[in-house]
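In what follows, a single structure is set out as structure tokens and then discussed.
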Amino acid sequence: MFIANLKILDIKIPIGINAYHDDGYINSVVEHFNKLSKKYSNLQPYDKEIEFNGMSVEGRGKIRKHFHIFYRDQVSEPLNLRTRAHEETHALDFFGWLNRLENKLLTEQGININFDGLREDLQDSYIDQQVRAEIGAIYTLKSRNIDLKELKGKVPEYFDYALDFYEKHKVNN
């Protein structure tokens, strides 16, 4: 049994025979993805010049699944933490361990979120995944006492939805 160490979220999870790769900071998310697409047949390369701040992907090997996260250095520590925590939360989701983040949210921040309930609230599964990942980012930023106003205008629109969802689930709200 293998263990994934999600450093920014400070969570370790068992992942069976699968593999977790934190590829770290890279120059171009699209270039790195295209490099991985040569390694895994289930990934098709991007033919557009789209730049993301981070990405997580599942590569299917012959024996096991490989989950990769990677991200660009944004020069701002709060933005880097947000991106890394966002991608690590995707890994938690992929491996089926969002309950570990639920427990940390409740015990450390008094936030009672049921991620399965969040899945039911939203219609679009892509947005649903992004909102769950942003809640992991919000958890990380708040645990480090980073003022979320520093990120205003620098984060995707689903960050605000996730923050609203987070605030509505405070215990004794």
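The values are calculated or read from the model by the stated rules, or taken from the named source; none is laboratory data. None of these values were measured; they are calculated from a predicted model. Cβ sites come from the backbone with ideal geometry, for glycine too, and all protein chains shown count toward neighbours.
Brief remarks follow.
- Sole residue being at pLDDT below 95 and of a type outside the set (A, V, I, L, M, F, W, C), chosen from 41, 56: 41
- Beta carbons closer than 6 Å, at least 6 apart along the sequence or on distinct chains, pair a first residue in the range 1-14 that is part of a strand (DSSP E or B) with a second that is among the hydroxyl-bearing types (Ser, Thr, Tyr) for 4/20.
- Index of the failed condition, residue 43 passing every other in (1) of a type outside the set (Ser, Thr, Tyr); (2) closer than 21 Å to residue 6 by Cβ; (3) in contact with an Asp or Glu (Cβ under 9 Å, 6 or more places away or on another chain); (4) surrounded by fewer than 20 Cβ atoms within 10 Å (Cβ to Cβ): (2)
- Residue 138 vs. criteria among the β-branched types (Val, Ile, Thr), modelled with pLDDT under 95 and within 15 Å of residue 164 (Cα to Cα): no
- Number of the condition not met by residue 146 [criteria: (1) of a type in the set (A, V, I, L, M); (2) out of contact with any Leu (no Cβ under 9 Å at 6 or more places or on another chain); (3) at pLDDT 95 or above; (4) assigned to a loop (DSSP other than H, G, I, E, B)]: (2)
- Failed criterion for residue 129 (all others in (1) more than 10 Å from the chain's Cα centre (by Cα); (2) assigned to a helix (DSSP H, G or I); (3) surrounded by 15 or more Cβ atoms within 10 Å (Cβ to Cβ) hold): (1)
- Count of the range 85-120 residues which are in a helix (DSSP H, G or I) and farther than 18 Å from residue 58 by Cβ: 18
- Residue in the range 57-76 that is surrounded by fewer than 19 Cβ atoms within 10 Å (Cβ to Cβ), hydroxyl-bearing (Ser, Thr, Tyr) and under 17 Å from the mean Cα position of the chain (by Cα) present: no
- In the range 17-53, of all residues being touching a residue at least 24 places away in the same chain (Cβ under 8 Å) and assigned to a loop (DSSP other than H, G, I, E, B), the one that is nearest to residue 139 (Cα to Cα) corresponds to 53.
- Total residues in the range 93-105, condition closer than 15 Å to residue 169 by Cβ and either modelled with pLDDT under 90 or surrounded by 15 or more Cβ atoms within 10 Å (Cβ to Cβ) (or both): 5
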